[in-house]
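Below is one structure, written out as structure tokens; comments come after it.
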Protein chains: 2
Amino acid sequence: MSAERAFIDSLKSLASDPAARGLADDCAVLEFGGETLVLTHDVLVEGVHTLPGQDPADVAWKLVAVNLSDLAAKGARPLGVLLGHMLGAGDERFVAGLTEALTRHDVPLLGGDTSSGGPPRCWGLTAIGRATHRPVPSRSGAKPGDSVWLTGPLGAAMAGFEALRDATGADSVAYRRPLACLAEGEALAPFVTAMMDISDGLLLDASRMAEASGVALALTSVDVPIAVPENRRADALRWGEDYELLFTLPAGVEPTVSAWRIGEVRELEGAALLLDGEAPKAPLGYEHA
Amino acid sequence: MSAERAFIDSLKSLASDPAARGLADDCAVLEFGGETLVLTHDVLVEGVHTLPGQDPADVAWKLVAVNLSDLAAKGARPLGVLLGHMLGAGDERFVAGLTEALTRHDVPLLGGDTSSGGPPRCWGLTAIGRATHRPVPSRSGAKPGDSVWLTGPLGAAMAGFEALRDATGADSVAYRRPLACLAEGEALAPFVTAMMDISDGLLLDASRMAEASGVALALTSVDVPIAVPENRRADALRWGEDYELLFTLPAGVEPTVSAWRIGEVRELEGAALLLDGEAPKAPLGYEHA
């Protein structure tokens, strides 16, 4: 990933607007007309982010969900999306899945572009939203003494992925059709000190929040709710794609939505992430497929 | 292109926001915070929109220019761009070209995403701007009696493309480094009845303006300024990628920027596009590479 890192660093140095919150790992936040816009753009590539033969409807759904999840972590209410689409087989399924995802999240398609080309095909989506609370939550505001919270159980997407990959016939909906926690993000935004979505695995994303905030996050493994058998706990904490929200609240503040307390924020003294008192074994995030 | 047309029609039916101006052929216009946002997203695909061995710096420049040109046609002032980028060889050149294009047009990079994958690689850019005049100019407002205008000569991009393709050593900068007519678009926006950029060829784009407006555009071939020898006039009118602005003004109104009067708007009686009094021979737009 060093090539990606170097490229992103090059791009970040281009981000001349001080309001820009960083490329490729966070949303852009832009003051406009006395309000605040939140913008994000995520890309899915055939074979990198998809399984062979995967239903294009599920690809379209995920493209929408991953972008809206970024807005959810900012407490932003979506205004619409723009789509970049490479034409190909199964486009009628793609449109069907896109329709379902946009309808389910109540978000309009504003525009976009299509092209021939591929395989591999590539899809990009830009989501734009209105911040419902200012300052807009970021991943950098966690303070020592805060509690660490999670909106829902982890591992369901992993189990769904394995069911789909191995064609077991078991339920794969959590992997194929994740939901962005838009209502939760909006309800939490006024209270959190930091917030982000769990897209790359709890441990990896928690370490990112810790680093961005200059603190340590100390998590308790058994307090993390999981949707898979106990013997998969370590995997569930690393897998990602559940799109739950990870957030911090000052001690004593109860969350305004259903959530689990999974740890606390400490002063940084050594490792930025502790799991049951120790730095967890790498990899912190699961390398998909 | 019927597959693309069908797909776009499917997508358009999803565009539930009445403010959305249509997918894949126009910008989205969105009221926000008492102001008006203009958004566009264009995609470039390796081998479809690029020449073999083309400098990635030129690809990045064009990606920026084509999107900003869409904003220019709306009289919008850019607020920033988001980039979807597939990592690969020549990324340092890509960043260099992106930097040059954004600096030249004075536009910040707000965010984006990177991925592995390809070839072919695919790049998407979302540009967001602030409308400087409302109502925002569209391609659908041309009225019978209006004059038809063009901001600059055509054919330079075609000549540059051929120089690059055939490695003649002749100047190819007009093809590699087009400039979006942002200042011109902003200056014209308060006065035009219709406006669009010439990306797919004058005749094809003029026919689209005519169809969108429900009128006929009658152009006079010799009045169209060209940047190539006279024997290439027919090609220059079809080639595109010059990113000049095509616009209509009420009769007697002079443009506020340097421009050429190339025809007039008539009632629709038969062909939507007339060149020297006749419907021009297809193809109206040049099929690139």
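The values are calculated or read from the model by the stated rules, or taken from the named source; none is laboratory data. Small disclaimer: the values here were computed from a predicted structure and weren't measured. Ideal geometry is used to build each Cβ from the backbone, glycine not excepted, and the neighbour counts take in all protein chains shown. All accessible areas refer to the heavy atoms of the entire protein, side chains included, with ligands and DNA or RNA removed. Shrake-Rupley method; radii C 1.70, N 1.55, O 1.52, S 1.80 Å.
Details
- When the pairs A:12/B:62; A:74/A:143; B:12/B:74; A:12/A:62; A:62/A:281 are compared against a 22 Å limit on Cα-Cα distance, A:12/A:62; A:62/A:281 fall above it.
- Size descriptors for segment B:231-289: radius of gyration and Dmax over Cα atoms are 13.6, 41 Å.
- Note: chain B, Cα convex hull, 138 Å³ per residue.
- Per residue accessible area in Å² of the protein assembly as shown, where ligands, DNA and RNA are left out and the probe is 1.4 Å: 38 Å²
- Note on chain B: dipole from Cβ charges, positive end direction compared against B:169, B:179, B:127; the farthest Cα belongs to B:127.
- The ratio of the alpha-carbon radius of gyration of segment B:2-131 to the globular-protein estimate 2.2 N^0.38 Å is 1.10.
- Across chain A: Cys residues that no other cysteine approaches within a C-beta distance under 4.7 Å: A:27, A:181
- Inter-centroid distance (Cα atoms) of segment A:44-61 relative to segment B:213-264, Å: 44 Å
- In chain A, the calculated helix contribution to ellipticity at 222 nm averages -9000 deg cm²/dmol per residue, counting -39,500 (n - 2.57) for every DSSP H run with n ≥ 4.
- Calculated label separations, residue B:89, copies of the chain, 7 Å along the beta-carbon direction, nm: 2.9
- Label-point spacing for residue A:12 across the identical copies (point 7 Å from Cα in the Cβ direction), in nm and ascending order: 4.3.
- In the protein assembly as shown, the C-alpha radius of gyration followed by the widest Cα-Cα span (Dmax) gives 25.2, 83 angstrom.
- Taking a ≥ b ≥ c as the square roots of the eigenvalues of the alpha-carbon gyration tensor, segment A:147-275 is classed prolate because a/c is 1.5 or more and a/b outweighs b/c.
- Simple Cβ-charge dipole of the protein assembly as shown, Lys/Arg +1 and Asp/Glu -1, about Cα centre, in debye nearest 20: 360 debye
- On association of chains A and B, roughly 4800 Å² of accessible area becomes buried (total for both chains; probe 1.4 Å).
- Using a 7 Å projection from Cα along Cα-to-Cβ, the label point at residue B:252 is separated from the same position in the remaining copies by 7.5 nm, smallest value first.
- Cα-Cα P(r), segment B:41-198, percent of pairs per 5 Å interval: 2, 9, 17, 20, 18, 15, 10, 6, 3, 1, 0
- Estimated dipole of segment A:2-131 in Debye, rounded to 20 [Cβ of Lys and Arg +1, of Asp and Glu -1, Cα centre]: 140 debye
- Think of the axis that spins chain B onto A; the B residue whose C-beta lies nearest it, and the distance in whole Å, is B:33, 1.
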